[in-house]
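The values are calculated or read from the model by the stated rules, or taken from the named source; none is laboratory data. In this text the structure is predicted, and so the values were computed from the model without any measurement. Cβ: placed from backbone, ideal geometry, glycine included. Neighbour counts: every protein chain shown. Areas reflect the complete protein model, heavy atoms only, side chains present, ligands, DNA and RNA absent. Shrake-Rupley method; radii C 1.70, N 1.55, O 1.52, S 1.80 Å.
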Amino acid sequence: MALLQISEPGQSTKPHEHKFAIGIDLGTTNSLVASVRSGQPDTLPNSSGEHLLPSVVQYTPDAIVVGAVAKKNQIEDPHNTISSIKRLMGRGADDLISQFESLSEVLPFEFAVTDSAVAKIKTVAGDKAAVEVSADILKVLKLRGEQSLGDKLEGAVITVPAYFDDAQRQATKDAATLAGLNVLRLLNEPTAAAVAYGLDTGAEGIVAVYDLGGGTFDISIMQLKKGVFEVLSTGGDSALGGDDFDHAIAEWILKQANINSRNLTASLLRLVLSEACKAKEALSKLEQVEINIQFANDNSWTGLLSRDELSSLIDPLIKKSLMSCRRALRDAGVEKNQILDVVMVGGSTRALRVREQVGQFFETDPRVDIDPDRVVAIGAAIQANALVGNDSDGNLLLMDVLPLSLGIETMGGLAEKIISRNTPIPVSRAQEFTTYKDGQTAMAVHVVQGERELVDDCRSLAKFELRGFPSHVAGAARIRVTFQVDADGLLSVTAKEEVSGVVASVEVKPSYGLQDSEIEEMLKASMAFAGEDKDARSLREQQVEADRVLEAIDSAVADDGDEMLSQDERETIQAARSELMIARHNAVETQQLKEAMAKLEKASAEYVARRMNASVQKSMAGHQVEEFNK
Ligand code: ADP
Ligand code: MG
């Protein structure tokens, strides 16, 4: 008898009504995809069981490699291997030049000089905008979602930091479009974390979300009231995270080993950093770890790092994060003792010292029961599931706030705020303006974002003109400017001259965002998108084929490899097998998989032929040859 699936009343929809949706945490260091299946939200692993996809993309002349393999290749191919791309999302070429000094440390690649306002990175596969690189990460996650769910996706919820401005949100949406994803909603990361903990359905109150990732720290103070989540304030430090822990440990190692970092080659320095990172991660389980580094043939260092020593190294960094917490509390007008829950997010909150210090600061035990790496993706999946209508109570109403004030330029280059920061969204606000000169029949509207008084100190989002209204004496025209921010945090602005009814409006395409034509071009360029379904299917077919080949070779070698293979042959086959294994998990192009398969077939051709002969001989044994010729 077949097993019947039984669910709680109202927990899941009938199978034929079920729609598949995914939640994506598109992180600076790592990305994840999650979904709700049989009422249970969870992150989806790749076929080797890894949930985290390192947000690293390597471009080679004929392949795009994403994830763990790309991360590994970064040491040898730093110029074509792109990491931390999230830091460049929605940032223009101008922006980057001014930030280049601080960025060049984390971003070792070269920027291309182009006509576009958008910064592009030079690679052997052409110049890549941040949106394209992010799209390549999203494609892998989308495919993983489709493969795990075995169906077409209705859409995705993608998370973004709460402080992301309009341009950064738009860039994230563009990347998703380029990856062929239907974006149901952009969701703030802290909101997603709170949803994962079910805080949206629990007691009303104020929660703090402490998110310490690889390179960034974010703190958000949120309030739940009548089923509505409101972000009261956000803060943080865009240059504070686990990478800084690694640096502090690396410095300690070099000091112990009596080595001046200036005398180290770049790749040795990277080695020290990666050993430091390994030690750090191990110390959340162990009291102390041994570190062993080979600096040169005749120069190696071995030492012990204890948890206490680690604490003293990272304490100053944790203190820095707590100062941001204090500021965020002040911005929100909230006292520490009003905080009901502190939710821990991000891989670096695995460090026990971080948990301890945060607990002491907020005077409460922080919530760590959901894996801090996965909590954001899980919240996004819950929200996605609700948005496509699988959640029968489906009224999960989430509210975020505007991270930065929005306004327009007025005479004298001043910024007049129309919606101030931390206003819950979606929101619509209007304000009336008038003309400055007699007989004026047009007016320029310059939309800006930021907290500063002068337009020059704010971020320019868009400019448009309202033309052709009747001439009035100065100050008599009544021009109503309406700002509307949707649930994704994206803005549209309308200006209307009230007497004549002349209207002009603009969907704000941030000045540093991609032009529609550029997006179109990328869409065209992106083969995977053009024939997306077809490509995805053929890739999937090839993956199944690769699995079959891998399984066949493994079982053959296990069966008779010992007697039938020379050491040499075995090694050649093993190498081709590993290559296919890697391609199986990372290839985004069918061709790459086909090539790896052909290689393995070639490497094992003689062995396979020998086996066939042997098996033919075996089955013929004891029979007359004539029997086979009938
Ligand atoms: P992001 O949000 O920036 O993508 P993650 O939340 O994935 O980043 O966090 C990545 C960081 O977490 C890395 O610096 C990594 O070394 C760190 N990390 C992971 N596991 C541990 C651990 N057990 N102890 C301390 N740090 C950890
Ligand atoms: Mg994160």
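Yes/no per residue for (1) at pLDDT below 60; (2) on the phi > 0 side of the Ramachandran plot; (3) open to solvent by less than 30 Å² (accessible area, probe 1.4 Å):
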residue: V485; (1), (2), (3): no, no, yes
residue: L491; (1), (2), (3): no, no, yes
residue: K524; (1), (2), (3): yes, no, no
residue: A558; (1), (2), (3): no, no, no
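Go through region 31-42 residue by residue and tally those that are within 16 Å of ligand 1 (Cβ to nearest atom) and either surrounded by fewer than 23 Cβ atoms within 10 Å (Cβ to Cβ) or of a type in the set (G, A, S) (or both).
Looking only at that region, the number is 2.
Does region 575-593 include one or more residues that are assigned to a helix (DSSP H, G or I), over 26 Å from A70 (Cβ atoms) and open to solvent by less than 50 Å² (accessible area, probe 1.4 Å)?
no
Quick check: is even one residue across region 203-217 more than 16 Å from ligand 2 (Cβ to nearest atom) and more than 20 Å from G333 (Cβ to Cβ)?
Within region 203-217 (the criterion being more than 16 Å from ligand 2 (Cβ to nearest atom) and more than 20 Å from G333 (Cβ to Cβ)), the answer is yes, since at least one residue qualifies.
Being open to solvent by less than 60 Å² (accessible area, probe 1.4 Å) and basic (K, R) narrows it down to one of R307, R350, R330, so name that one.
Just one listed residue meets the conditions, R307.
Report yes if A476 is outside the structural domain of Q383 (by TED's automatic domain parsing) and modelled with pLDDT of 85 or more, otherwise no.
Spelling it out, it is not the case that A476 is outside the structural domain of Q383 (by TED's automatic domain parsing) and modelled with pLDDT of 85 or more.
Select from region 333-347 the residues that are open to solvent by 30 Å² or more (accessible area, probe 1.4 Å) and closer than 17 Å to F217 by Cβ and list them in ascending order.
G347
Within region 399-505, considering only strands (runs of 3 or more DSSP E) that don't extend past its boundaries, which have at least 2 residues that are among the polar types (S, T, N, Q) and farther than 28 Å from P161 by Cβ?
Fully inside region 399-505 and qualifying: 440-449.
Since E409 meets every condition but one in (1) modelled with pLDDT of 85 or more; (2) open to solvent by less than 20 Å² (accessible area, probe 1.4 Å), which condition does it not meet?
Going through the list (1) modelled with pLDDT of 85 or more; (2) open to solvent by less than 20 Å² (accessible area, probe 1.4 Å), E409 breaks only (2).
Tell me, which helices (runs of 4 or more DSSP H) lie completely within region 285-394 with 3 or more residues that are closer than 18 Å to G215 by Cα and in contact with an Asp or Glu (Cβ under 7 Å, 6 or more places away or on another chain)?
307-332
Considering only region 232-240, I want to know if a residue exists there that is out of contact with any strand residue (DSSP E or B) (no Cβ under 9 Å at 6 or more places or on another chain) and within 16 Å of ligand 1 (Cβ to nearest atom).
no
Of a type in the set (S, T, Y), assigned by TED's automatic domain parsing to the domain that holds L329 and more than 16 Å from ligand 2 (Cβ to nearest atom) - does that describe any residue in region 279-301?
No, that holds for no residue.
Assuming P108 fulfils every condition listed in (1) open to solvent by 10 Å² or more (accessible area, probe 1.4 Å); (2) out of contact with any Phe, Trp or Tyr (no Cβ under 9 Å at 6 or more places or on another chain); (3) at pLDDT 90 or above apart from one, which condition is it?
P108 satisfies every listed condition except (3).
With the requirement that a residue be open to solvent by less than 40 Å² (accessible area, probe 1.4 Å) and not aromatic (F, W, Y), what does region 413-436 give you?
Passing the criteria: G413, A415, I418, I419, N422, T423, P424, I425, V427, T435.
Please verify whether V368 is open to solvent by less than 40 Å² (accessible area, probe 1.4 Å) and among the aliphatic types (A, V, I, L, M), treating the condition exactly as stated.
no
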